[in-house]
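Here the structure is laid out as structure tokens; the discussion comes afterwards.
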Amino acid sequence: MVHLRGPAGAGRRETLAQVCAGAGLPLVAVDLPRLAALEIGFPLAWRLALREARLAGAALMLHGWEACLGDDALPPPDLWRALCAYARPVFLCGATPWEPRDVDRTRRLLRVAFHVPPYDERLRFWEEGLGRYAVSEEAIHALEQIAGKFRLTPGQIEAAAHTAADYAASRGGPIRATDLHVSAQAHSSARLGRMARRIAPRFDWDDLILPPDRVAQLREMCARARYAHVVHDAWGFGRKIAPGRGVSALFAGESGTGKTMAAEVIANDLGLALYKIDLSAVVSKYIGETEKNLSAIFAEAQTSNAILFFDEADALFGKRSEVKDAHDRYANIEIAYLLQQIENYDGIAVLATNLRQNLDEAFTRRLDFLVDFPFPEVEYRARIWAVNFPPDAPLAPEVDLEELAARYRLAGGNIRNATLASAYLAAADGGAITMAHVRRAIRREHQKMGRLLDDDLEAGL
């Protein structure tokens, strides 16, 4: 009996087919999740599948092994006894490690792990998959970065190559670099919906108004993700001192200072999916549930090639408390588990907090980047006002962005809200966006924040 562990598309089925063909053995593949979904019920469906395999004298491959395991990680007793008594090789295929605890061990269990191939092999699979199609020069030059950024299995790469060819055929030309990006992203596994929300990146570097040093840090994050295959694989750092190829960062700053926008800019620049983690779905009052949720997120994210954005991370990753009771001790275990998951993650994990001072130094030391998002000063507020009014917006000449920046101390998010609100007010009045519209929108923004303006400002609004 052999347990084969690995992500979908890693080549387990193809490998077993070749092994059995070389041994002159037929191979019967049983999809356990689909078997369990049949109306006749799992016990009868399993007996029929087992009979087919016996009649064929075939080796038996059970796909989706985790589907038959109970909460105690044990298979049904009848199924396990049948597998132990089966006269031919038995292959158990799953995505996660499994140990046969508390079951009768009448035959040995070999363990074989299938991994996402390293960069050089991924590049070769891309070249082979695209070999039958017309590919533009720009796409050929982009292959190295795509193979480096997207950690796909051979099966996913083959499917992505077909999808890229579909896009090119619908356009009537060779495969472009954008076709490769879109297809690679489409075939990255992404089932994070229950505890995360996918965000479509809307912003680029021109939209991000931050001090130069902060922008430089964000660009360094992109460079680290883009050239990980060079440093870790080609230059050998992955074998020497840097086993983890992921990027972890903390974005710290008040609400509205650009943390989420920065994550969108990075995702847009790298062409990666961005998922915002819903912490309320992650944190649980029940012992062990938070770790389960985190494990599920990171396990799925490993094959999703996604950027994970944990908003208001201090709610989960705050200062490790002094151990006074069992709850304190367990909270510290949760945080230690999270740190381990982040360090093992091969993608980008961004933690955003409004209160950096609440974070433990032992936690922040283990992150690659710490980016402070300051509240914008007058100069930056003026630039934020300017960038948020589109060129086609009918902005009246009287609107003085410098005056707005100097007079109203607003964060970037509040300024964006105010510009949009002023546009709606102007559209309702059937004219251009005036200073009165902008001031009225600012007043509404202050009301939402629970702030009161001075009487003289109120009169101007």
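What to note about this one:
- Scope segment 65-102; condition hydrophobic (A, V, I, L, M, F, W, C), more than 34 Å from the chain's Cα centre (by Cα) and more than 16 Å from Val2 (Cβ to Cβ); matching residues: Leu79, Ala82, Ala85
- Residue, farthest from Asp278 (Cα to Cα), within segment 193-204, restricted to residues that are hydrophobic (A, V, I, L, M, F, W, C) and surrounded by 15 or more Cβ atoms within 10 Å (Cβ to Cβ): Phe203
- Those residues of segment 75-100 which are loosely packed, with under 15 Cβ neighbours inside 10 Å and either of a type in the set (Gly, Ala, Ser) or over 21 Å from Glu14 (Cβ atoms) (or both), in sequence order: Pro76, Pro77, Asp78, Arg81, Ala85, Ala87, Pro97, Glu99
- Given (1) in a loop (DSSP other than H, G, I, E, B); (2) under 28 Å from the mean Cα position of the chain (by Cα), number of the condition Leu38 does not satisfy: (2)
- Restricting the search to helices (runs of 4 or more DSSP H) fully inside segment 340-458 and requiring at least 2 residues that are of a type in the set (A, V, I, L, M, F, W, C), within 25 Å of Ile307 (Cα to Cα) and in the same structural domain as Val231 (by TED's automatic domain parsing) gives 361-364.
The values are calculated or read from the model by the stated rules, or taken from the named source; none is laboratory data. Model, not experiment: these values are computed from the prediction. With ideal geometry, Cβ positions are generated from the backbone for all residues, glycine too; neighbour counts draw on all protein chains shown.
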